[in-house]
Amino acid sequence: MSNALLAERPLNVLPPFAEISADQAGEALAAVLERNRQQLARVLQAAGEPDWDSLITPLDEMSERLSAVWGPISHLFSVCSTDEWRAAYNAGLPLLTEYSLEMSQSEPLYHAYKALSESETFATSLSAVQQKVIKDALRDFRLSGIGLPEDKKTRFKEIAMRLSELHTKFEENVMDAIQAWSLHISDAGRLQGMSAAALEQAAVKAREKQLQGWLLTLDFPSFDAVISYADDRALRQEVYTAFATRASDRGPQAGEFDNSALMDEILKLRHEESQLLGFSNYAELSLETKMAETPDAVEEFLLDLARRAKEAASAELETLREFSKSMGGPDRIESWDLAYYSEKLKEQQLGLNEEALRPYFPLPAVLQGLFDLIKALYDVTVVEQKGASTWHPSVQLFDLQDASGNVFGHFYLDLYARDKKRGGAWMDECAGRRRTAQGQQRPVAYLVCNFRPPLDEQPGLLTHDELLTLYHECGHGLHLLMTQVEESALSGINGVEWDAVELPSQFMENWCYEPSLLKSYARHWQTGAALPDDQIAKLRESRCFQAGLGTVRQIEFSLFDLRLHRDFDPDKGAQVLPLMEAVRAEVAVLHPPAFNRMPWSFSHIFAGGYAAGYYSYKWAEVLSADAFSAFEEAGLEPQQLRETGRKFLENLLSRGGSQQAAKLFRDFRGREPSIDPLLRHNGLLDAAGAGIRA
């Protein structure tokens, strides 16, 4: 087999996933790193004052060459994490980290950028976007320790290498803990309340292990099927306990995949890294690339939102307690009761049952409805590309075509949960838009979810919550794919402040409540009957259902993350549980049991890019709700939709990181963002009083 990772591919030829194997990864990565180092040496040895073509263009080529090799390795590690791909990823990660540090701490490269920024051509020949590329690069050099003395620069490199290793190990422990736990059920009576589809999925898992009965696991579709619907309280408690103690020192796998030591070391190294760079704490360092100016400003935002939501959350919890008692349930609501009685209460109050809605959201129709919305907003057509090379038979590849029928982007869609696949949902870049000497490179996205797979003749069926997840990830994808920026460092999601990157994704979720759209595609997969109007009305009402509880829960996580990184004291260690309890005492209304170890699987902040930035989800909700309110104000008829969609596309979605996110938002909205639309959408505006400018 030819080495598909090593092969030079022409512009806009997609990765041949069917030909890529893990044993090629090391050779391919080593080869491209060596080639890049040689090219960098030639660039830095070139005579004369650096300009865009002599410095930035070859560096872009090097970056794309590396992405073409490492991108598939990283992606396949996440979506089919076999022992072979895990070994390939873990072997390659230190090589990549070391190379990245060489680049970011290269004094000659830094001085070349600095010389370009100070040259006459910077102001006279470079566009505003190109100037921002240079300015952002100089900032990133500073944040990579370029100005440190050699001994501190060496230590900075050691920290970065170790953190890269720790982040990966943290995520592996979470994945391994999920894969290792299962509960074999032979008594059907214990599964009463669960849907027929969930039972069949559990039966399929049992048969795959040569077992009779049913097998429950910790992937989210299986966990949710139990925690939200199983009548057996002891079963819910058992599954919750396993889920809430993943990768920790408690629960059924206590100590087996324990992230305790990793968390402590990660926090110590992040703190040391921030102090090397002249910051008081890691939260200050994190905010250097975000919209928010100070950790205290973020805390003020979160606490203000908590004050607005906590009274409603307390009332919602008391209502749930009374409802539970009326059903003969416990006087005290525990964490394993919350989702179960919430679903029962929602069904009683609103006439809504998430599982009962599944037949109305078959994935083929849902996707068509999503693609029709993209067409209505942006005059873009989505077409499936049949026979594409993918990493799993269920994965689809789609083309995006403009109004003239020209293909300008692609995205892979990997929707279903399976063994050896990372949990959750995400979007990642396969390729970014950029202008090259050979032409324009088209952007390519990976959109990944973990929905319940189809069964026999039954298509994949979504709950409304899962519909929100699909639209959310599609919003990220559109941010990447609809960009008009041709400098790769700022195209798509690149260069966008982290606390604004969730704006396009959360913006898309709003459309999941619009009656005209739901009527166009929400039809029963067997009968073709449309989702009844009263159910659509109830879905819209459900947006406010337990909005207070949902809000304080997100604030709890965000405040914990912020304070964990702002207030960390290396002499005292992580103090994770005391801090978590202190935050809960301040903002939460429902306190989980003492054995709960949620931070031990909090991959967003310990393995992802959200460290001291988890608040971004709430801040982006403010931005996205305000952005969507522009569509509500203008009207949602086709002509109005197209006009407002054009403004959103031209002023915000297509602009990538070419300007500050605050400026782009003002360009679209004509003013600063307001928190009022978010409070209104969540039914919290009246209770909270008049909204404030955020």
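Phi angles across the stretch 611-620 convert, under the Karplus curve 6.51 cos²θ - 1.76 cosθ + 1.60 with θ = phi - 60°, into 3J(HN,Hα) values of 4, 6, x, 5, 4, 4, 4, 6, 5, 5 Hz, Gly and Pro given as x. With the charge dipole of the stretch 480-580 set up from +1 on Lys and Arg Cβ and -1 on Asp and Glu Cβ about the Cα centre, the Cα lying farthest toward the positive end among the listed residues VAL576, ALA530, GLN506 is that of ALA530. According to the square roots a ≥ b ≥ c of the eigenvalues of the Cα gyration tensor, what is the shape class of the stretch 206-338, taking rounded for a/c under 1.5, prolate for a/b larger than b/c otherwise, and oblate for the remainder? Cα axes put the stretch 206-338 in the oblate bin. About its Cα centre, the chain has a charge dipole of approximately 400 debye under the convention of +1 per Lys or Arg Cβ and -1 per Asp or Glu Cβ, with nothing else charged. Separation of the stretch 35-99 and the stretch 385-421, taken as the distance between their Cα centroids, equals 25 angstrom.
Among the GluC sites (Glu not before Pro) in the stretch 264-328, those located in a DSSP loop and surrounded by at most 13 other Cβ atoms within 10 Å of their own Cβ are GLU293. The residue list PRO393, GLY432, PHE451 was ranked by how far each Cα lies along the charge dipole of the stretch 389-461 toward its positive end, using unit charges on Cβ atoms, and GLY432 comes out on top. Rounded to the nearest 5, the antiparallel percentage of DSSP beta bridges internal to the chain is 80%.
Is the stretch 301-378 rounded, prolate or oblate when judged by the Cα gyration tensor, a ≥ b ≥ c being the square roots of its eigenvalues, rounded requiring a/c under 1.5 and prolate requiring a/b larger than b/c? Because a/c hits 1.5 or more and a/b fails to exceed b/c, the stretch 301-378 counts as oblate. Protein heavy-atom surface of the stretch 518-650, 1.4 angstrom probe: 50% of the accessible area is carbon and sulfur, with nucleic acids and ligands not counted. Take the stretch 458-558 with all the other protein chains still there, run a 1.4 Å probe, and you get 31 Å² of accessible area per residue.
Residues in the stretch 68-216 average 45 Å² of solvent-accessible surface per residue, probe 1.4 Å, ligands and nucleic acids excluded.
On the beta carbon distance between GLN458 and ALA188, with R0 = 22 Å, the FRET formula returns roughly 0.60. Atom-type composition of the exposed protein surface of the stretch 353-404 places 51 percent of the accessible area on carbon and sulfur (1.4 angstrom probe). Ranking GLY71, ALA30, ALA115 by how far each Cα lies toward the positive end of the dipole of the stretch 1-153 (charges on Cβ) leaves ALA115 at the top. Summed over qualifying helices (DSSP H, 4 residues or more, each -39500 (n - 2.57)) and divided by its residue number, the chain shows a 222 nm mean residue ellipticity of -18000 deg cm²/dmol. Residues LEU218, LEU636, ordered by accessible area of protein heavy atoms at a 1.4 angstrom probe radius and largest first, appear as LEU636, LEU218. Computed on the stretch 333-452, with alpha-carbon pairs under 8 angstrom and 6+ residues apart, the relative contact order is 16 percent. Averaging the sequence gap over all C-alpha pairs within less than 8 Å and six or more residues apart, then dividing by the number of residues, gives the stretch 125-258 a relative contact order of 20 percent. The distance linking the stretch 667-683 with the stretch 589-607 is 30 Å (Cα centroid to Cα centroid, whole angstrom).
Relative contact order, whole percent, for the chain stands at 15, derived from Cα pairs under 8 Å and 6 or more residues apart. For the peptides 502-513, 379-390, residues were scored by their other Cβ atoms within 10 Å and the scores averaged per peptide; the highest-first order is 502-513, 379-390. Rounded, prolate or oblate: which fits the chain when a ≥ b ≥ c are the square roots of the eigenvalues of the alpha-carbon gyration tensor, with rounded for a/c under 1.5 and prolate only if a/b beats b/c? Note, shape of the chain comes out rounded. Hey, what angle do you get for helix 576-587 against the long axis of the chain, alpha-carbon based, 0 to 90 degrees rounded to 10? Once rounded, one gets 60 degrees. The residues of the stretch 255-380 have, on average, 41 Å² of accessible surface per residue, using a 1.4 Å probe with all protein chains present. Put simply, the amide H of SER674, placed in the peptide plane, has neighbours under 5 Å in ALA694, leaving out anything fewer than 5 places away on its chain. Amide H contacts of GLY409: LEU400, each under 5 Å away and 5 or more positions distant or on a separate chain (H built 1.01 Å from N in the peptide plane; Pro and chain starts excluded).
The values are calculated or read from the model by the stated rules, or taken from the named source; none is laboratory data. Since the model is a prediction, treat every value here as computed from it, not as a measurement. Glycine also receives a Cβ, built like all others from the backbone with ideal geometry; neighbour counts cover every protein chain displayed. With ligands, DNA and RNA removed, areas are computed over all heavy atoms of the protein, side chains included. Shrake-Rupley method; radii C 1.70, N 1.55, O 1.52, S 1.80 Å.
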